[in-house]
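Enquirer: Have a look at the structure that comes next, please.
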Amino acid sequence: MSFVILASVMVIAALGLLFARKPVHAALSLAVVMIGLAMIYAMLEAPFLFAVQIVVYTGAILMLFLFVIMLVGVDTSDTLKETIAGQKVLAIVLGTGLGAILITGVGQASIGTMRGLSSANEGGNVQRLADLLFSRYVIAFEATSALLITAAIGAMVLAHRERIDPKQTQTDLAQGRVADYAKSGKHLGPLPPPGTFARHNSNDTPALLPDGSQSTKSVPAILAGGRTDEGEDE
């Protein structure tokens, strides 16, 4: 009965993942699917897979995706633009082919005699799983590890940008600040942070300069709001 309830919730969440109009809702639906899968692992007496599913996939990877979506922001109209010509048609064709392969593979699969969970977990679930990973399936396990490392290195290479200008040293930065001071009178050093020598320690309170005037430049632009140059509200 528990499996039927969990499976029903997972199917509904999977449909929500496909038809959700907002990316955040789709990510939350995926979280429900992953948590339901972890519950099924727990029912099958597989504590290691249960912990990995919760900690690694749901708690780390999926939450990272969700935070990136929330910080960067994705508009629904962006999903309607094809950055690569014909990608939707290609995705439909490849998806149909993958579905056909999976259906054919499952249809031809043969299930042997069931050994039972007590026999499969003999000596401990984690110990038996480690024995299979590092003996019978060690080649597939190491190949997957190499694939993940290659993907990470490839992502770093693609994100790397070649430096066009030479890197500025501390001397160059200091000379630039002095030149800016001689040209426009810009302050040589860093300005005091908001609230320094002021009546309040709030981040939106301008710092006081040595002559007693307020420095509105010390307040972050996002907090400045409607302040004028004199530090007063409009």
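The values are calculated or read from the model by the stated rules, or taken from the named source; none is laboratory data. Everything numeric here is computed off the predicted structure, so don't read it as measured data. Heads up, the Cβs are rebuilt from the backbone with ideal geometry, glycines too, and the neighbour counts pull from every protein chain shown. These area figures cover heavy atoms from the full protein model, side chains too; ligands, DNA and RNA do not enter into them. Shrake-Rupley method; radii C 1.70, N 1.55, O 1.52, S 1.80 Å.
Enquirer: How far is it, in nm, from the label point at ILE149 to the one at ALA60 when both lie 7 Å from their Cα along the line to the Cβ?
Expert: 1.7 nm
Enquirer: Per 0.36 nm of contour for each residue apart, how much would the distance between LEU188 and VAL24 grow if the chain were fully extended, relative to their Cα-Cα spacing?
Expert: That works out to 54.6 nm of additional length.
Enquirer: Let me ask you something else. Which lysines does LYS167 reach when only Cα atoms under 20 Å apart count, and residues fewer than 8 places away in its own chain are ignored?
Expert: none
Enquirer: May I ask you to compute the full-extension gain from VAL106 to GLN87, defined as 0.36 nm times their residue separation minus their alpha-carbon distance, rounded to one decimal in nm?
Expert: Length gained, VAL106 through GLN87: 4.0 nm.
Enquirer: Enter the accessible area of VAL178 (Å², nearest 10), with the probe set to 1.4 Å and all protein chains included.
Expert: 90 Å²
Enquirer: May I pose another question? With each label point set 7 Å from Cα along the Cα-Cβ vector, what nm distance links MET43 and GLN168?
Expert: It is 6.1 nm.
Enquirer: Sticking with this structure for a sec: List, in order, the whole-Hz ³J(HN,Hα) value for each residue of region 131-137 obtained from phi through the Karplus relation with A = 6.51, B = -1.76, C = 1.60 and θ = phi - 60°; use x for Gly and Pro.
Expert: The phi angles translate into 5, 6, 5, 9, 10, 6, 10 Hz.
Enquirer: Sticking with this one: Measuring from centroid to centroid over Cα atoms, what is the spacing of region 152-192 and region 124-140 in Å?
Expert: With region 152-192 and region 124-140 each reduced to a Cα centre, they are spaced 51 Å.
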